[in-house]
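The block underneath contains the structure these notes are about, expressed in structure tokens.
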Amino acid sequence: MALSQNRPLSGQEHLWLLPLFIGSGCSALIYEIVWFQSLQMVVGASAISLAVLLTIFMGGMCLGSLLSPKLMPTRWHPLFVYATLEFFIGVMALLLLFALPAVERFYVERVGASVASVLLRAVVAGCCLLPPTLLMGATLPAIARWFENNQQGTARIGMFYSANIVGAVLGCLFAAFYLLRMHDALIATYVAVGINFLVALGGWVLGIVLPNQLQNQLQNASATNRVDAAYGGWTVSHWVIALSGFSALGAEVVWTRELSLMMGASVYTFSLILAVFLIGLGVGSGLGAAWGRNHSQPGTALAWCQVGAALSAAWAAWMMARSLPYWPIDPSLSSSPWFGFQLDIARVMWAVFPAALCWGTSFPLALAHASRGEDPAKLVASVYTANTLGAIIGALLFTWIAIPKFGIVHAQQFLVSAPLGGAVLLLALSRNVGRDFALQRLGIAVGVVATLVLVAMLPAPPPGLAAYGRFLVTWNDEPNYLYHADGLSASIAVSEFENGVRNFHVSGKVVASSEPQDMRLQRMLGHLPALLCKEPKSILVVGCGAAVTAGTFVVHPSVERIVICEIEPLIPAAAGKYFGGSNHEVIKDPRVEIIFDDARHYMLVTKEKFDVITSDPIHPWVKGAAALYTKEYFDLCKDHLKPGGVITQWVPLYESSLAAVKSEVA
């Protein structure tokens with residue numbers, strides 16, 4: 001098939017690229033899930049490690065997007081460039097798969113016992129993630145040169161961005177619910193690499209069939225850009241889309257924390273939330289592309305989207321505090337987890353989808369508003385970079401500061417206010433005149449004020465959500481809550497009934513209590529190994545909980561050192577304050593050292609050996625805890641036991657399956 005040299009591409013010819021974008025997004029999300037799971041086994045799953053991994057991953061895509069227009073000459077065919085990038089992403093993924101064992105050895109040999117070595121974690125994560133993510137970030141600017149360098153062409157890119165997000169949804173669900181559940185990281189990587197190679201092949205074939213129609217106009221645009229570069233920089237569109245990315249990722253952090261309380265903190269819950277969030281972004285991006293293609297004032301449309309995002313975020317806050325926790329759903333009545341997933345999807349869609357839709361619509365509108373007829377690759381790269389930088393800052397700020405320092409309510413107020421700032425920027429800096437625009441400006445101003453009123457009235461989630469999670473509605477008489485706080489990685493609560501029984505809750509689950517049967521269990525995990533091991537001196541307790549298990553070792557006279565490894569910093573202090581009488585004030589004992597890290601990572605990097613290794617009751621279905629029930633973990637424990645040492649492990653028979661218990665025992 002031959003095209004005339006000056007004929008613009010038809011809509012049908014543009015649509016040929018959609019399967020490529022869907023495949024690219026699918027493989028990217030499979031990689032993200034697999035790489036995060038794999039690298040957490042190396043650098044740990046603590047809040048520090050997760051922040052490092054997220055920053056490197058998103059930062060690599062941001063940098064790749066920013067650098068790609070400068071490194072790719074306009075004479076290169078966009079489809080050939082796109083296909084080549086996809087091919088080398090697959091190659092990099094294969095190299096990373098086989099390099100991980102060597103990376104782990106390098107890390108372990110150098111980190112020693114310094115579990116706070118953030119710099120080394122960043123170096124390791126950067127060496128693994130930067131090469132492929134740089135290529136991933138370059139793909140959208142590369143293919144942007146296939147579109148006309150005008151408002152219609154740049155807005156149309158939003159449709160392909162939407163297709164990429166559709167692929168991401170498929171990849172997220174495919175990886176979480178099938179590839180990693182039924183197979184392993186090796187098979188998941190091979191599948192993603194195969195998709196990359198198919199996308200590359202399709203891109204090369206289309207590149208042969210469809211010649212580079214836009215080369216001349218891009219070369220002219222590049223010449224214009226060289227003149228404009230002297231005074232170029234971020235426009236109001238860039239700042240608005242940065243605020244949009246900031247609030248979107250901040251909301252994802254906050255809402256994932258809240259929704260995981262009412263749905264259970266399993267890997268499937270996190271995947272469902274991410275999938276629904278991506279669906280909203282994808283649908284919104286498609287709508288924004290259609291809206292921005294012919295809209296005479298894309299800046300006004302972008303401002304309305306920011307007001308809509310703020311109102312939708314306020315809606316989500318209200319729903320998660322006053323509605324969703326009280327839906328009359330008894331999870332114990334479900335005969336299959338798949339029925340529970342259906343209800344979970346409905347709850348997430350009800351709360352999260354509207355705001356995600358508005359944030360998704362913002363990206364193509366920002367492209368249309370920022371378009372000045374320049375090289376589409378540079379335009380897309382700059383807008384994508386602004387959005388991603390805002391997202392990185394939002395994710396880190398809400399994870400590290402907003403939630404643990406100020407709580408979920410103030411964090412929600414902050415994220416609702418951010419898109420309002422974008423709307424105000426557009427109102428203040430827009431140069432449009434005329435009666436219609438004045439009415440639009442008045443309407444947006446009213447929307448901003450109304451949203452600010454809602455922000456001041458945002459309700460707090462009920463403490464029972466942190467206490468009982470999805471089973472909150474099954475409790476007719478809630479206890480008195482003595483303590484409730486949101487930490488770096490978990491929300492915790494301490495409750496007390498009228499009969500004096502206290503419960504310690506972590507992320508919607510009772511992890512310890514002063515009930516006699518629970519006390520027997522928690523103390524038996526300490527007394528059994530202490531009695532079986534001849535005069536134990538050094539003890540490692542995995543997970544603090546109410547510190548009852550750790551406290552049992554205080555009464556054994558031979559014990560000289562007790563190490564408690566806990567991932568959430570708030571837990572030991574709460575255990576010491578509210579369960580001190582039950583745990584023999586172990587938190588204040590001079591023999592105790594508290595390590596704030598995940599236990600597997602600590603076991604990986606420490607050189608210390610122990611007489612006893614035990615754990616507070618930890619449920620394997622909770623995200624991240626399954627690593628403490630694997631053969632590799634028990635091999636690590638064996639390597640860290642002194643001669644004659646003893647390890648004890650709690651295996652729950654409830655909230656589990658026969659296959660899971662057999663796997664744990666084996």
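The values are calculated or read from the model by the stated rules, or taken from the named source; none is laboratory data. These numbers come from a predicted model, not from an experiment. Here the Cβ positions follow ideal geometry from the backbone for every residue, glycine too, while neighbour counts run over all protein chains shown. Protein only, heavy atoms only, side chains kept; ligands, DNA and RNA dropped before computing areas. Shrake-Rupley method; radii C 1.70, N 1.55, O 1.52, S 1.80 Å.
Of all residues in the range 472-489, those that are aromatic (Phe, Trp, Tyr) have Cβ atoms under 9 Å from Cβ atoms of residues that are open to solvent by 60 Å² or more (accessible area, probe 1.4 Å), 6 or more apart or on another chain, in TYR483/LYS577. Within the range 520-558, the set of residues being free of Cβ contacts under 8 Å to residues at least 24 places away in the same chain and open to solvent by less than 60 Å² (accessible area, probe 1.4 Å) comprises just one member, SER558. Please find, within the range 327-380, the residue that is nearest to GLY264 (Cα to Cα) out of those that are outside any helix (DSSP H, G or I) and touching a Ser or Thr at 6+ places or on another chain (Cβ under 8 Å). Out of the qualifying residues, it is ASP330. Considering the conditions (1) closer than 29 Å to TRP338 by Cβ; (2) outside any helix (DSSP H, G or I); (3) free of Cβ contacts under 8 Å to residues at least 60 places away in the same chain, SER296 is excluded by exactly one of them, (1).
The set of residues in the range 562-588 that are over 18 Å from LEU528 (Cα atoms), part of a loop (DSSP other than H, G, I, E, B) and out of contact with any strand residue (DSSP E or B) (no Cβ under 9 Å at 6 or more places or on another chain) comprises GLY580, GLY581, GLU585.
Would you confirm whether any residue within the range 597-620 is among the β-branched types (Val, Ile, Thr), farther than 18 Å from PRO529 by Cα and crowded, with 20+ Cβ neighbours inside 10 Å? Among the residues of the range 597-620, at least one is among the β-branched types (Val, Ile, Thr), farther than 18 Å from PRO529 by Cα and crowded, with 20+ Cβ neighbours inside 10 Å, which makes the answer yes. Checking the structure you have, find out if any residue of the range 308-323 is small (Gly, Ala, Ser), in contact with a Leu (Cβ under 8 Å, 6 or more places away or on another chain), within 29 Å of GLY443 (Cα to Cα) and at pLDDT below 90. Taking every residue of the range 308-323 in turn, none turns out to be small (Gly, Ala, Ser), in contact with a Leu (Cβ under 8 Å, 6 or more places away or on another chain), within 29 Å of GLY443 (Cα to Cα) and at pLDDT below 90. Restricting attention to the range 43-62, the residues that are among the hydrophobic types (A, V, I, L, M, F, W, C) and within 8 Å of ARG121 (Cβ to Cβ) total 3.
Scanning the range 273-295 for residues that are open to solvent by 10 Å² or more (accessible area, probe 1.4 Å) and either touching a Leu at 6+ places or on another chain (Cβ under 7 Å) or over 16 Å from GLY158 (Cα atoms) (or both) yields LEU274, VAL283, TRP291. Residue-level check: of (1) without any contact (Cβ under 8 Å) to a residue 40 or more places away in the chain; (2) within 29 Å of GLU104 (Cβ to Cβ); (3) among the charged types (D, E, K, R), GLU664 misses just (1). For the range 631-654, how many residues are open to solvent by 40 Å² or more (accessible area, probe 1.4 Å), not in a strand (DSSP E or B) and not charged (D, E, K, R)? Result for the range 631-654: 5.
Residues that are more than 20 Å from ALA185 (Cβ to Cβ), among the aliphatic types (A, V, I, L, M) and crowded, with 24+ Cβ neighbours inside 10 Å within the range 23-68 comprise just one, MET61. PHE363 meets each of the listed conditions (1) modelled with pLDDT of 85 or more; (2) surrounded by fewer than 23 Cβ atoms within 10 Å (Cβ to Cβ) apart from (2).
This table checks each residue for (1) modelled with pLDDT of 95 or more; (2) part of a helix (DSSP H, G or I); (3) over 19 Å from the mean Cα position of the chain (by Cα).
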site	(1), (2), (3)
GLU148	no, no, yes
GLY153	no, yes, yes
GLY158	no, yes, yes
LEU173	no, yes, no
PHE177	no, yes, no
LEU186	no, yes, yes
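Residue count for the range 501-513 satisfying the condition of being open to solvent by 40 Å² or more (accessible area, probe 1.4 Å) and over 13 Å from ALA574 (Cα atoms): 1. Could you say which residue among TRP204, TRP234 is at pLDDT 80 or above, open to solvent by 20 Å² or more (accessible area, probe 1.4 Å) and aromatic (Phe, Trp, Tyr)? After ruling out the rest, the residue left standing is TRP204.
Taking the condition surrounded by fewer than 23 Cβ atoms within 10 Å (Cβ to Cβ) and either modelled with pLDDT of 85 or more or in a loop (DSSP other than H, G, I, E, B) (or both), does TRP76 pass? For TRP76, the condition - surrounded by fewer than 23 Cβ atoms within 10 Å (Cβ to Cβ) and either modelled with pLDDT of 85 or more or in a loop (DSSP other than H, G, I, E, B) (or both) - is met. Looking only at the range 559-579, residues that are open to solvent by 30 Å² or more (accessible area, probe 1.4 Å) and either under 26 Å from ASP611 (Cβ atoms) or of a type in the set (Phe, Trp, Tyr) (or both) come to 4 in all.
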